[in-house]
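The values are calculated or read from the model by the stated rules, or taken from the named source; none is laboratory data. These numbers come from a predicted model, not from an experiment. Here the Cβ positions follow ideal geometry from the backbone for every residue, glycine too, while neighbour counts run over all protein chains shown.
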Amino acid sequence: MGKPNPKDLFRGLDAKAAPKVSTAEQPETTAKASQVSTQRQRSRQGKKVVTYYLDPEPFMQLKVLAAKTGVTVQELNLEALNLLFERHQVSRIAR
C-alpha cells in the first residue's frame, strides 16, 4: 500500500463540515461572518502591523530577555522603537 497523497487527505472536508444553511438564512449569516472576520481586539484597533526578520540567535536572546525581565516581546520592541526615535531626535510616541 502506497503513501497517501497529502492533497487528497482533506479534499471535500470543508464542504462536509460546513453546516447546512437555508437560502433564507444565508444573507444574515454572511453579514455576521464578515463582521466577525473584520473585528479586531480592542488593543489592536487603529494600529498597524510591523514585521521584521531576525536570525535565530537574536530571536532567542530577545525571548530570553523577555522571560528574564517579565516584559513582553511587544513591550521590548516598543521600548527599542522609542530609543530609535530618541536617537534620531523625533518624538517618542510608540505605545
(1) surrounded by fewer than 10 Cβ atoms within 10 Å (Cβ to Cβ); (2) under 17 Å from the mean Cα position of the chain (by Cα); (3) of a type in the set (D, E, K, R) all hold for Asp55 apart from (2)
Flagged pairs (Cβ under 8 angstrom, 6 or more apart or on separate chains; first in segment 61-82, closer than 19 Å to Ile93 by Cα and touching a residue at least 24 places away in the same chain (Cβ under 8 Å); second among the small types (Gly, Ala, Ser) and assigned to a helix (DSSP H, G or I)) are none
Restrict the check to segment 26-42 and report whether at least one residue is hydroxyl-bearing (Ser, Thr, Tyr) and modelled with pLDDT of 95 or more.
no
Per the list (1) aromatic (Phe, Trp, Tyr); (2) modelled with pLDDT under 95; (3) in a helix (DSSP H, G or I), residue check on Phe59 breaks on (2)
